[in-house]
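**Q** Below are the structure tokens for one structure; questions will follow.
Taken together, the values in this text are just the output of simple stated rules run on the coordinates, not laboratory data. Being a predicted model, the structure only gives us computed values, none of them experimental. With ideal geometry, Cβ positions are generated from the backbone for all residues, glycine too; neighbour counts draw on all protein chains shown.
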Amino acid sequence: MLERLSVLRKERQWSQQETADKLGIAKSTYAGYESGYREPSLHSLLQIANLFQTTVDYLLGAKEAEAIIDITSLINNHSHKLSIDGKRLSNDELIDFVSFVRAKRRLKEKELIEEESILEEN
């Protein structure tokens with residue numbers, strides 16, 4: 001677990017202090033988890049797993065991390081095996097899918113900004 005905590009933190013380019021702040025604990029407590037001097041409680045393990053968007057099983061070494069696949073990297077990669085309803089996605093469908101998700105995200109961000117400005121006015 002010790003190495004995994006350090007790797008997960010460094011992947012995000014967080015210091016031990018930043019990580020401890022996000023968890024609401026002292027830096028010395030978090031540093032103790034990474035060094036092996038301290039063992040986190042079950043509650044703390046769950047908080048750490050949630051922070052790093054992984055599982056307690058992964059933190060404890062019982063399971064390897066699931067790979068994150070960037071769908072845009074599959075465009076023009078004809079060896080992908082993505083399908084919907086049993087039919088393989090074409091390159092054009094992948095492009096459309098990526099465009100749809102990006103457009104939906106922009107709309108959602110715009111809606112959130114509008115909601116925030118309305119709340120600030122009241």
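**Q** Which whole-Hz couplings ³J(HN,Hα) result when phi for each residue of the stretch 48-58 is put into the Karplus expression 6.51 cos²θ - 1.76 cosθ + 1.60, θ = phi - 60°, listed in order with x for Gly and Pro?
**A** 5, 4, 5, 4, 8, 6, 9, 10, 4, 4, 5
**Q** Could you check the simple spin-label distance between SER35 and LYS10, using points 7 Å along Cα→Cβ, in nm with one decimal?
**A** Reported label-point gap for SER35 and LYS10 is 1.7 nm.
**Q** Contour minus end-to-end for LEU51 and ASN91, with contour as 0.36 nm per residue of separation and end-to-end as the Cα-Cα distance?
**A** Values: separation 40, 0.36 × 40 = 14.40 nm, distance 3.44 nm.
Result: 11.0 nm gained on full extension.
**Q** Which value in nm describes the separation of the simple spin-label points at LYS27 and ARG106, placed 7 Å from the Cα toward the beta carbon?
**A** Each label point is offset 7 Å from its Cα along the Cβ direction, giving 4.2 nm.
**Q** A further question follows. With runs of 4+ DSSP H residues as the only contributors, calculate the mean residue ellipticity of the chain at 222 nm using -39,500 (n - 2.57) per run, divided by the residue total and rounded to the nearest 500.
**A** Values: 6 runs with 72 residues, N = 122.
It comes out at -18500 deg cm²/dmol, rounded to the nearest 500.
**Q** Would you please give the FRET efficiency between GLU3 and ASP70, computed as 1/(1 + (r/R0)^6) with r the Cβ-Cβ distance and R0 = 22 Å, to the nearest 0.05?
**A** On the way: r = 25 Å, r/R0 = 1.13.
Efficiency for this residue pair is about 0.35.
**Q** Now for a different question. Taking square-rooted eigenvalues a ≥ b ≥ c of the alpha carbon gyration tensor, is the chain rounded, prolate or oblate, where a/c under 1.5 means rounded and, failing that, a/b exceeding b/c means prolate? Kindly include the intermediate steps, with their values, before the conclusion.
**A** On the way: a/c = 3.05, a/b = 1.41, b/c = 2.17.
It is oblate, given that a/c is not under 1.5 and a/b is not larger than b/c.
**Q** How high is the relative contact order of the chain? Use alpha-carbon pairs under 8 Å, at least six apart in sequence, and give a whole percent.
**A** On the way: 67 pairs, mean separation 18.9, N = 122.
Normalised by residue count, the contact order of the chain is 15 percent.
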